[in-house]
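Note sheet for the following structure.
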Amino acid sequence: MLFDTHVHLNDEQFNEDLQEVIERAKEAGVSHMVVVGFNRPTIERAIDLVEEYDFLYASIGWHPVDAIDMTDEDLAWIEEMAAHPKVVALGEMGLDYHWDKSPHDVQKEVFRRQIGLAKKLKLPIIIHNRDATEDVVQILREENAEEVGGIMHCFSGSAETAKECVEMNFHISLGGPVTFKNAKKPKKVAMEVPLDRLLIETDCPYLAPHPFRGKRNEPAYVKLVAEQVAELKDISFEEVAKVTTENAKKLFGIR
Ligand SMILES: [Zn+2]
Ligand SMILES: [Zn+2]
């Protein structure tokens, strides 16, 4: 059993062949997935999907790239939608300094408000971070995000930062990049973070693992991530699959 903790099956890239993508995931041993919505249309589609498939769960939030567009009404709407029994987390939220659509101070404010909402609703959070590690860690600390914990998704930082996040009650989730030959940092993170704090994900349709790099990613490929983690930790694939699935179920409160 594998738990893909971060999928965008709500992306239009899956409109044509969603059923086949889901069947391939099942054949690869994927038993659970969390569909992440990060604006109005993707949240609505995520909710539709989790109502249709029993093995899908949702996480809903507002993406930092679009922080500039988030209104008070949007945040109130996210709070309403979070009451859905299959919404297991808030996010993805965080900071993204790669794209400059939303000014950093706006991103920070939208990030802080969502952490506040998560604390109110007692839901774990899924963190998106691109080129903003220092500020992300600082905000998590200042807002006492430790209270709810959550996931550093597709973690690309150093092993030291991973350790800091683990100490703040966060799990480290590894995706496709850990399989890239030149990806020294994620490989080191896989080796050093204890298995009981690790999760696996695809972030599909993005970031396909080796040998599919550059192609559309899909949940079946999370198996390649688990195999890479097993190799790096020098333990069995079964052990990685079992423990990361248990970690995710516990974090999301799934029985
Ligand atoms: Zn992300
Ligand atoms: Zn994502």
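If the only charges are +1 at each Lys and Arg Cβ and -1 at each Asp and Glu Cβ, what is the size of the charge dipole of region 106-255 around the Cα centre, to the nearest 20 debye?
400 debye
If you take every DSSP beta bridge whose two residues both sit in the chain, what share of them, in percent to the nearest 5, is antiparallel? Numbers along the way, then the final one.
Values: 0 of 28 bridges.
Given both bridge residues lie in the chain, the antiparallel proportion sits at roughly 0 percent.
State the Cα centre-to-centre distance between region 9-25 and region 79-113 in whole Å.
A separation of 25 Å, based on Cα centres.
Ignoring ligands, DNA and RNA, what percent of the accessible area of the chain is carbon or sulfur (1.4 Å)?
C and S atoms contribute 48 percent here.
Can you tell me how much longer the chain between GLN19 and VAL106 gets when fully stretched, taken as 0.36 nm per residue apart minus their C-alpha distance, in nm with one decimal?
Residue separation times 0.36 nm, minus the Cα-Cα distance, leaves 27.5 nm.
What is the diffusion coefficient of region 121-225 in µm²/s, taking the Kirkwood radius over Cα pairs and the Stokes-Einstein relation at 4 °C with a viscosity of 1.567 mPa s? If you can, show how the numbers build up before the last one.
Details: Rh = 14.0 Å.
Translational diffusion coefficient: 93 µm²/s.
What does the extension gain come out to for GLU146 and LYS26, with contour length at 0.36 nm per residue minus their alpha carbon separation?
Here the segment from GLU146 to LYS26 would lengthen by 39.8 nm.
So what is the accessible area of region 19-117 per residue, in Å², with the probe set to 1.4 Å?
Values: 4170 Å² over 99 residues.
For region 19-117, the solvent-accessible area averages 42 Å² per residue.
Under 20 °C and 1.002 mPa s, how fast does region 1-69 diffuse according to Stokes-Einstein, given a Kirkwood radius computed over C-alpha pairs? Answer in µm²/s, whole number. Don't skip to the answer; put the middle values down first.
Values: Rh = 12.4 Å.
Once the numbers are plugged in, D ends up at 173 µm²/s.
With every protein chain in place, what's the accessible area of ASP131 (1.4 Å probe, Å², nearest 10)?
110 Å²
Using unit Cβ charges (K, R positive; D, E negative) and no other charged atoms, how large, in debye to the nearest 20, is the dipole of the chain about its Cα centre?
The calculated dipole for the chain is roughly 800 debye.
What does the convex hull of the Cα atoms come to per residue for region 83-137, in Å³?
For region 83-137, the hull spanned by Cα atoms encloses 82 Å³ per residue.
Kindly give the semi-axes, whole Å and largest first, of the ellipsoid equivalent to region 54-208, taking each as the square root of 5 times a Cα gyration tensor eigenvalue.
Gyration-tensor ellipsoid for region 54-208: 24, 17, 15 Å.
The values are calculated or read from the model by the stated rules, or taken from the named source; none is laboratory data. These figures come from a predicted structure and were not determined experimentally. Virtual Cβ from ideal backbone geometry, glycine too; neighbours counted across all protein chains shown. Areas reflect the complete protein model, heavy atoms only, side chains present, ligands, DNA and RNA absent. Shrake-Rupley method; radii C 1.70, N 1.55, O 1.52, S 1.80 Å.
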